[in-house]
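The values are calculated or read from the model by the stated rules, or taken from the named source; none is laboratory data. Keep in mind the model is a prediction, meaning the values are calculated, not measured. Here the Cβ positions follow ideal geometry from the backbone for every residue, glycine too, while neighbour counts run over all protein chains shown.
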Amino acid sequence: PTIMLGHWIFGAAMCHIVIFLQHVSVVVSICTLIAVGIDRYIAVIYPLRSRVTTNPTKIVIFVIWIIAITLSVFQVIFVEVTDNYYNGEVVYFCSEWYPSDRFAHVWEIVFQVLTYFVPLCILMFTYTRVALRLWGHSIPGNTDASRDADHAKAKRKIIKMLVVIVMLFAICWLPNHIFKLVVIYNVQLYYEIESQDRMRIINACVLWLAMSNSFVNPIIYGFLSENFRVDLKAFIRRCLPGQRHFLSISKSTTTAATQMKRMSFSQSRSQKSTNSPTN
């Protein structure tokens with residue numbers, strides 16, 4: 001609301017809630033990207049270990065939310081609603097206020113390191129190792145031109161997807177972090193953000209660009225990953241009430257057909273055994 005209207009209109013409680021939810025969503029999204037990158041790294045580099053290890057999905061989700069809530073609570077401590085005069089009237093702002101300029105500088109750098117540079121390094125390391133392993137992997141067995149061409153095409157598509165994910169994370173978040181560093185080191189510019197339309201528009205653009213990274217990844221998976229599209233269609237069909245009944249009927253029909261094939265195969269074997277000459 002402050003970015004859109006130029007001031008805050010929802011009171012002190014909503015100020016803390018909105019800032020808290022905003023930071024939680026950001027940290028959860030970033031930590032989820034890291035978790036996915038590490039999971040793919042283990043699955044490709046250490047395939048045997050990934051099969052033996054129990055799936056820790058619930059534990060990972062729990063840890064992600066604990067990290068997000070912890071960082072967000074610490075951030076909300078320094079949020080308050082302040083008043084100021086603008087165009088001859090009192091206006092209110094929901095802003096982050098720190099005990100000192102030095103504290104603000106240190107905290108902003110620490111927060112950016114934890115939520116941008118560390119995740120970016122982890123994603124670059126894991127996806128680079130995965131891409132190198134996939135690129136050097138070849139299908140065992142006799143050479144087949146058609147099969148090898150399809151395999152190479154699939155590898156290129158996967159590597160392209162990994163590169164795009166890392167690049168989009170870096171590009172989407174970099175302008176927002178640069179903008180916040182410029183603001184945090186220039187107090188006068190900070191006040192201008194609350195009053196000048198031009199600075200407010202810049203703030204909105206870099207913030208929306210950063211937030212767009214949260215929903216752009218499923219689009220990437222949808223365009224570049226055939227497995228993702230298949231799984232997504234299956235998930236949507238399970239969620240639709242009519243499709244559940246259809247899937248259950250289809251599954252029952254498939255099971256019955258399989259059983260009939262097995263019975264006919266057994267009967268044919270029995271007949272062959274009966275009709276075969278005995279020594």
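Can you find, within region 111-140, the residue that is nearest to GLU80 (Cα to Cα) among those that are assigned to a helix (DSSP H, G or I) and over 23 Å from the mean Cα position of the chain (by Cα)? Even if it seems obvious, please write down each step before you answer.
Of all residues in region 111-140, those assigned to a helix (DSSP H, G or I) come to 111-136.
Now narrow it down to the ones that are over 23 Å from the mean Cα position of the chain (by Cα): 135-136.
Values: TRP135: 52, GLY136: 54 Å.
My answer is TRP135.
With respect to GLU89, determine if the residue is within 18 Å of VAL24 (Cα to Cα) and acidic (Asp, Glu). Break it down into steps so the answer makes sense when it comes.
On the way: within 18 Å of VAL24 (Cα to Cα): no; acidic (Asp, Glu): yes.
When the stated conditions are applied, GLU89 does not pass them.
Which one is surrounded by the most Cβ atoms within 10 Å (Cβ to Cβ), of the residues in region 90-110 that are in a strand (DSSP E or B) and within 30 Å of the chain's Cα centre (by Cα)?
Taking region 90-110 as the starting set, the residues that turn out to be in a strand (DSSP E or B) are 90-96.
Subset that is within 30 Å of the chain's Cα centre (by Cα): 94-96.
Details: CYS94: 21, SER95: 19, GLU96: 17.
Checked region 90-110; the qualifying residue surrounded by the most Cβ atoms within 10 Å (Cβ to Cβ) is CYS94.
Could you identify the single residue in ALA12, ALA35 that is touching a strand residue (DSSP E or B) at 6+ places or on another chain (Cβ under 6 Å) and either modelled with pLDDT of 90 or more or aliphatic (A, V, I, L, M) (or both)?
Working: ALA35 fails: touching a strand residue (DSSP E or B) at 6+ places or on another chain (Cβ under 6 Å).
Selected residue: ALA12, the only one of ALA12, ALA35 that is touching a strand residue (DSSP E or B) at 6+ places or on another chain (Cβ under 6 Å) and either modelled with pLDDT of 90 or more or aliphatic (A, V, I, L, M) (or both).
Quick one: what pairs do we get from region 109-130, first residue of a type in the set (Ser, Thr, Tyr), second part of a helix (DSSP H, G or I) and surrounded by fewer than 16 Cβ atoms within 10 Å (Cβ to Cβ), C-beta under 7 Å, 6+ apart or different chains?
Partner pairs satisfying both residue conditions: THR126/ILE38.
When you scan region 174-243 for helices (runs of 4 or more DSSP H) that lie fully inside it, which ones turn up with 1 or more residues that are modelled with pLDDT under 75 and more than 30 Å from TYR92 (Cα to Cα)?
Values: elements: 187-195, 197-224, 226-239.
Where helices (runs of 4 or more DSSP H) fall fully within region 174-243 and carry at least 1 residues being modelled with pLDDT under 75 and more than 30 Å from TYR92 (Cα to Cα), they are 197-224, 226-239.
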